[in-house]
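Chemist: Pasting a structure below so you can have a look.
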Ligand code: NIG
Ligand code: FE
């Protein structure tokens with residue numbers, strides 16, 4: 001059974017072939033899906049016959065969003081903390097411990113329901129690939145089960161045992177780092193592809209972060225870092241030094257940080273939902289792009305600093321607040337996210353890759369920023385399977 005998407009007004013391929021530079025835009029196009037993969041792309045007038053047909057009626061089609069940074073395994077609600085921030089309280093990350101307590105107290109089904117609900121919510125908004133971190137368990141058993149549940153929803157799972165030092169280790173952080181590097185890492189390994197550390201004042205310093213990331217890397221995990229979110233710090237340069245796939249947040253960068261990123265393969269993943277929800281200054285995407293850094297956009301979906309699963313919202317914020325053009329933001333939310341996960345088969349539409357895409361209820365990708373807050377994702381295909389009806 002194959003499926004033809006016909007009469008596409010504007011097809012964003014991210015192949016660099018066609019109009020729009022890296023976006024590789026093709027107009028009046030059609031796309032054939034076979035066995036879950038893109039089988040053919042070409043002019044609509046040459047479209048082959050197919051068992052099923054979706055008439056895009058001149059609308060835009062783009063690769064599924066790649067949300068390369070999300071914390072979906074948690075329990076509890078921190079709406080009151082958000083309200084306090086909107087009344088002037090600063091964000092310090094201290095609320096992470098509230099979520100750790102609620103997560104530890106929740107049973108597996110409760111956590112699974114939350115991940116499933118948020119995964120479905122993200123898919124409805126066009127995210128066909130999503131990374132999911134642990135980090136609200138912070139015990140050997142709770143980190144392992146968080147990751148085990150995450151693997152039920154995505155292959156892109158990240159061990160974040162070094163999110164904060166949990167209360168029972170408050171006066172002996174070195175012992176906690178030893179736990180993370182030893183028994184916790186061993187329990188996480190069967191379920192994790194990546195390792196991440198919150199390298200920030202009040203969480204883990206450069207020495208602790210280096211120790212944890214190095215031992216995780218030696219065990220076969222890819223490296224990512226929460227870096228330079230709340231203030232300047234060593235996280236970005238540490239990530240570059242270790243060959244991290246991505247350093248995430250990048251809100252407070254020195255010129256040396258920007259230079260180090262520009263000389264590296266490490267992606268700078270920007271998370272504007274966090275600045276929105278903590279009422280903080282946004283990262284300067286323009287500065288990074290002008291320096292030649294590869295930029296990705298992701299949601300950081302979590303119950304504390306950024307409770308949104310919406311990549312379209314992040315695209316709109318990046319354009320309005322961070323100096324990105326709509327084209328740069330859409331590339332960063334698709335191909336950029338794929339680079340941050342070192343995935344060659346995501347964030348792109350060409351024959352042979354999984355048919356992961358969105359049909360917009362709009363004539364152009366531009367509308368994602370031009371019409372903020374409007375539900376423009378009318379149909380999502382994941383592995384060639386329609387996820388929701390228009
Ligand atoms: O990426 N910065 C660290 N971790 C999360 C926030 C977690 C929370 O507040 O619960 C983040 O923003
Ligand atoms: Fe995060």
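Chemist: Quick test for you: out of 10, 89, pick the one residue that is free of Cβ contacts under 8 Å to residues at least 12 places away in the same chain and outside any helix (DSSP H, G or I).
Modeler: From the options 10, 89, the qualifying one is 89.
Chemist: Turning to a different aspect of this structure: Among the residues that make up segment 108-123, is at least one of them within 25 Å of residue 279 (Cα to Cα), out of contact with any strand residue (DSSP E or B) (no Cβ under 7 Å at 6 or more places or on another chain) and in contact (Cβ under 8 Å) with a residue 60 or more places away in the chain?
Modeler: yes
Chemist: When you scan segment 37-72, how many residues do you find that are within 16 Å of ligand 2 (Cβ to nearest atom) and over 25 Å from residue 296 (Cβ atoms)?
Modeler: Total satisfying the criteria: 0.
Chemist: Here are some residues: 344, 289. Which one is without any contact (Cβ under 8 Å) to a residue 12 or more places away in the chain and away from ligand 2 (no atom under 14 Å from the Cβ)? Before the answer, list the steps.
Modeler: Working: 289 fails: without any contact (Cβ under 8 Å) to a residue 12 or more places away in the chain.
So the residue among 344, 289 that is without any contact (Cβ under 8 Å) to a residue 12 or more places away in the chain and away from ligand 2 (no atom under 14 Å from the Cβ) is 344.
Chemist: I would also like to ask the following. I'd like to check something: does segment 122-131 contain any residue that is outside any helix (DSSP H, G or I) and over 29 Å from residue 356 (Cβ atoms)?
Modeler: Scanning segment 122-131, I find no residue that is outside any helix (DSSP H, G or I) and over 29 Å from residue 356 (Cβ atoms), so the answer is no.
Chemist: Return yes when residue 368 is under 19 Å from residue 3 (Cβ atoms), in contact with a helix residue (DSSP H, G or I) (Cβ under 7 Å, 6 or more places away or on another chain) and surrounded by 21 or more Cβ atoms within 10 Å (Cβ to Cβ) and no when it is not.
Modeler: In short, no.
Chemist: Of the conditions (1) in contact with a helix residue (DSSP H, G or I) (Cβ under 8 Å, 6 or more places away or on another chain); (2) exposed (fewer than 15 other Cβ atoms within 10 Å of the Cβ), residue 67 satisfies every one except a single condition; which number is it?
Modeler: With (1) in contact with a helix residue (DSSP H, G or I) (Cβ under 8 Å, 6 or more places away or on another chain); (2) exposed (fewer than 15 other Cβ atoms within 10 Å of the Cβ) applied to residue 67, the lone miss is (2).
Chemist: Among the residues of segment 215-235, is any buried (at least 22 other Cβ atoms within 10 Å of the Cβ), closer than 15 Å to residue 177 by Cβ, at pLDDT 95 or above and away from ligand 1 (no atom under 13 Å from the Cβ)?
Modeler: yes
Chemist: Keeping to segment 313-348, report how many residues are within 11 Å of residue 271 (Cα to Cα) and within 10 Å of the chain's Cα centre (by Cα).
Modeler: Matching residues across segment 313-348 total 1.
Chemist: Also, I was wondering about something else. Can you name the residue in segment 296-312 that is more than 9 Å from the chain's Cα centre (by Cα), within 10 Å of ligand 1 (Cβ to nearest atom) and closer than 17 Å to residue 116 by Cβ and, of all such residues, is surrounded by the most Cβ atoms within 10 Å (Cβ to Cβ)? If you could, list the steps in order and put the result at the bottom.
Modeler: In the first step, residues of segment 296-312 are kept if they are more than 9 Å from the chain's Cα centre (by Cα); the result is 302-310, 312.
Now restrict to residues that are within 10 Å of ligand 1 (Cβ to nearest atom): 302-307.
Of the ones still in play, those that are also closer than 17 Å to residue 116 by Cβ are 302-303, 307.
Values: 302: 28, 303: 25, 307: 17.
Checking each candidate, the answer is 302.
Chemist: Being within 15 Å of residue 146 (Cα to Cα), away from ligand 2 (no atom under 16 Å from the Cβ) and not in a loop (DSSP other than H, G, I, E, B) narrows it down to one of 75, 80, 84, 101, so name that one.
Modeler: On the way: 75 fails: not in a loop (DSSP other than H, G, I, E, B); 80 fails: within 15 Å of residue 146 (Cα to Cα); 84 fails: within 15 Å of residue 146 (Cα to Cα).
Checking each option against the conditions leaves just 101.
The values are calculated or read from the model by the stated rules, or taken from the named source; none is laboratory data. From a predicted model like this one, the values you see are computed outputs, not experimental measurements. Positions of Cβ are backbone-derived with ideal geometry, glycine not excepted, and every protein chain shown enters the neighbour counts.
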